[in-house]
Amino acid sequence: MKLVNSLNAIALLCVALFMAMFPKQLEKKVVIGYVGGYNGLADLSHIQPKKLTHINYAFVNVKDNRAFLQREATDTVNLNNLNKLKEQNPDLKILISIGGWSWSENFSDAALSDTARKSFATSAVAIIEKYKIDGIDIDWEYPGISGEEGNVYRNEDKQNFTLMLKELRLQLDNLQKRTKQKKLLTIAAGGFTDFINHTEMDKVQQYLDYVNLMTYDFYNGRIAGHHTNLYASKTVLSNSSADKAFKEYLAAGVPAKKLVMGIAFYSRAFTLKNNATIGLGDSVLTSKFGKGYTFIKDSLINKRGFIAYRDKEAKAPYLYNATTKEFLTYDDEASVREKCKYVLKNDMGGVMFWEYSSDMNGYLLNQINKSLK
């Protein structure tokens, strides 16, 4: 018996020492995938729920100071089908994401007064209670600064953003008490300095489970650069990178464990001017959203005149077609591996990505799971 007890004590000591030496690797990182339902019925047949911890359903609109299902019939089907994915992964959490680029114009009004904030929070919580889902993600693009043309924004948004999240957290806590189930509150946050300057992130973070950093769309409109680079490039000057965003949010008072690294499942595409030579750093003629990674990997990389390049300093890939002057910037398996390595090294909460349908073959999600394990 003494020998058994001694062996047990030694085993426990070894486990404790291992946990002390490798705490970051033992903590499970979140893998948050945004799934779009804004165009109607979503194709969920390719979703691999066992490789996700959270799904953020995008988007719920904001109308008359309330969270509003823009397409209630198809939203209902989508949300019910997302809930069914829990049969394969009971630990999966489903959230509604409110706002987004196109539906953020009414956030400022919904946050403007105590009455408006209560109405908004009540309506948002009612949706997750009705559909028996796990939480709310706020994607306000952006408090205090313009997003899409025509959006309402005010100086008061800085404080009102905090107060809106406080009210949401209060009402979610009340629902949590009634249902005996944890209810989550997260935000999607701009991966740039101006977002921090127009919010109170040190106060905001106390109401949140995670801050999903939109560390993509970093491109400069006039110069062909990276849109989702981990580090700054030495080839083309830019004020934006995922590394810079993480460090600034950390300095602003958000704990590393609440910060979630953003990964782009889509590309940004540019047509360059006729005098373009190498792609990266050349002058842009036009720009648009590019193809998703499944199409890029299967149909474009080193095909159809597109040559794959890699910026070693930025840890970012790009494609350039010298004949058509087309330039694409995106994430691939190698850049995802670097981002996941960064997440583990800096004890971040995990990763999130926009958007699931852009990589239906699961190349990047598979890499995320492989890298975070």
Problem set entry | Unit charges on C-beta of K, R, D, E only; dipole of the range 123-276, Debye | 460
Exercise. Taking only the alpha-carbon atoms of the range 253-301, what semi-axes of the equivalent ellipsoid follow from 5 times the gyration tensor eigenvalues under a square root, in whole Å, largest first?
Worked result: 30, 17, 9
Problem set entry | Highest average packing first - 194-200, 150-156, 165-171, 320-326, Cβ atoms within 10 Å | 165-171, 194-200, 320-326, 150-156
Exercise. Per residue, what volume in Å³ does the convex hull of the Cα atoms of the range 168-230 enclose?
Worked result: 105
Exercise. What is the spread of the Cα atoms of the range 32-131 along each of their three principal axes, largest first, in whole Å?
Worked result: 42, 25, 22
Exercise. Using +1 on the beta carbon of Lys and Arg, -1 on that of Asp and Glu, and nothing else charged, what's the dipole of the chain about the Cα centre, debye to 20?
Worked result: 1240
For this session: Please state the charge dipole magnitude for the range 49-131, taken about the Cα centre, from unit charges on C-beta atoms (+1 on K and R, -1 on D and E), reported in debye and rounded to the nearest 20.
Result: 300
Exercise. So what is the 222 nm mean residue ellipticity for the chain from helices alone, if each DSSP H run of at least 4 adds -39500 (n - 2.57) and you divide by all residues, rounding to the nearest 500 deg cm²/dmol?
Worked result: -10000 deg cm²/dmol
Exercise. So what's the range 260-373 giving for Cα Rg divided by 2.2 N^0.38 Å, two decimals?
Worked result: 1.10
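Hey, fewest Cβ within 10 Å first, where do Ser267, Ser102 land in order?
Ser102, Ser267
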For this session: Name the residue farthest towards the positive end of the dipole of the chain from the options Ala264, Gln88, Phe120, assuming +1 on Cβ of Lys and Arg, -1 on Cβ of Asp and Glu, about the Cα centre.
Result: Gln88
Problem set entry | Normalised convex hull volume, the range 126-184, alpha-carbon set, Å³ per residue | 87
For this session: Take the range 232-327, drop everything but the C-alpha atoms, weight them equally and run the Debye formula without solvent; then report log10 I(q)/I(0) at 0.15, 0.20 Å⁻¹ to two decimals.
Result: -0.70, -1.06
Seminar exercise, completed: By Cβ neighbour count within 10 Å, fewest first, Val336, Val236 rank Val236, Val336
Exercise. Taking the mean number of other Cβ atoms within 10 Å as a proxy for protection, how do you rank 278-288, 59-69 from highest to lowest?
Worked result: 59-69, 278-288
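Hey, how much of the P(r) for the chain falls beyond 35 Å, as a percent of Cα pairs? Show your work: numbers first, answer last.
On the way: 18824 of 69378 pairs.
When all Cα pairs of the chain are counted, 27 percent exceed 35 Å.
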Exercise. By a straight-distance test (C-alpha under 26 Å), which lysines pair with Lys325 as possible cross-link partners, with residues fewer than eight away in the same chain excluded?
Worked result: Lys234, Lys273, Lys288, Lys291, Lys297, Lys303, Lys312, Lys315
For this session: Before anything else, pin down the relative contact order of the chain: Cα pairs under 8 Å, at least 6 apart, normalised by residue count, whole percent.
Result: 15
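Only the coordinates and a few stated rules stand behind these numbers; no lab work does. Values in this document were obtained by computation on a predicted structure and should not be read as measured data. Positions of Cβ are backbone-derived with ideal geometry, glycine not excepted, and every protein chain shown enters the neighbour counts.
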